[in-house]
Amino acid sequence: MAQQPVTLTMLSPLPVYLDETTEGTALAPRPETLDGHVVGLLPNWRPSAVKLLEAVGQILSERYRVQAVVMEQPARELPQRTGGLIDALGGTLDELARGVDVVITATGD
């Protein structure tokens, strides 16, 4: 008996905020491979984000010939409603962007 294909529909209960829409915004170019590239890992302030990204970095190092995997330090405080944390991270994010070819971010609980 042939197996029927499985269909999965995922729905998110979260609203889409204006800063999360991509309408009218082009995505950054993606490299065809990670071979020879520096991969940046950017955790947020959630407890397991670093562990998740460490695992992702390890898997990428095993599957590709990455030049390096760089882990940025997580934010040390909870985000502020005013956007102050993002504003404070601007220099850090700019520095990270100058030093890597690709950035992967994660949130983890």
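The values are calculated or read from the model by the stated rules, or taken from the named source; none is laboratory data. For clarity, every value in this text was computed on a predicted model and none was experimentally measured. Here the Cβ positions follow ideal geometry from the backbone for every residue, glycine too, while neighbour counts run over all protein chains shown.
Anything in region 17-46 that is among the aliphatic types (A, V, I, L, M) and either modelled with pLDDT of 80 or more or surrounded by 10 or more Cβ atoms within 10 Å (Cβ to Cβ) (or both)? List them, or say none. Those that are among the aliphatic types (A, V, I, L, M) and either modelled with pLDDT of 80 or more or surrounded by 10 or more Cβ atoms within 10 Å (Cβ to Cβ) (or both): LEU34, VAL38, VAL39, LEU41, LEU42. Being under 18 Å from the mean Cα position of the chain (by Cα), at pLDDT below 90 and of a type outside the set (S, T, N, Q) is the filter here, so list the residues in region 88-102 that pass it. Across region 88-102, the qualifying residues are LEU89, GLY90, GLY91, LEU93, ASP94, GLU95, LEU96, ALA97. If you take the residues of region 47-68 that are modelled with pLDDT of 95 or more and assigned to a loop (DSSP other than H, G, I, E, B), which of them is farthest from THR105 (Cα to Cα)? Ranking the candidates gives ARG65 first.
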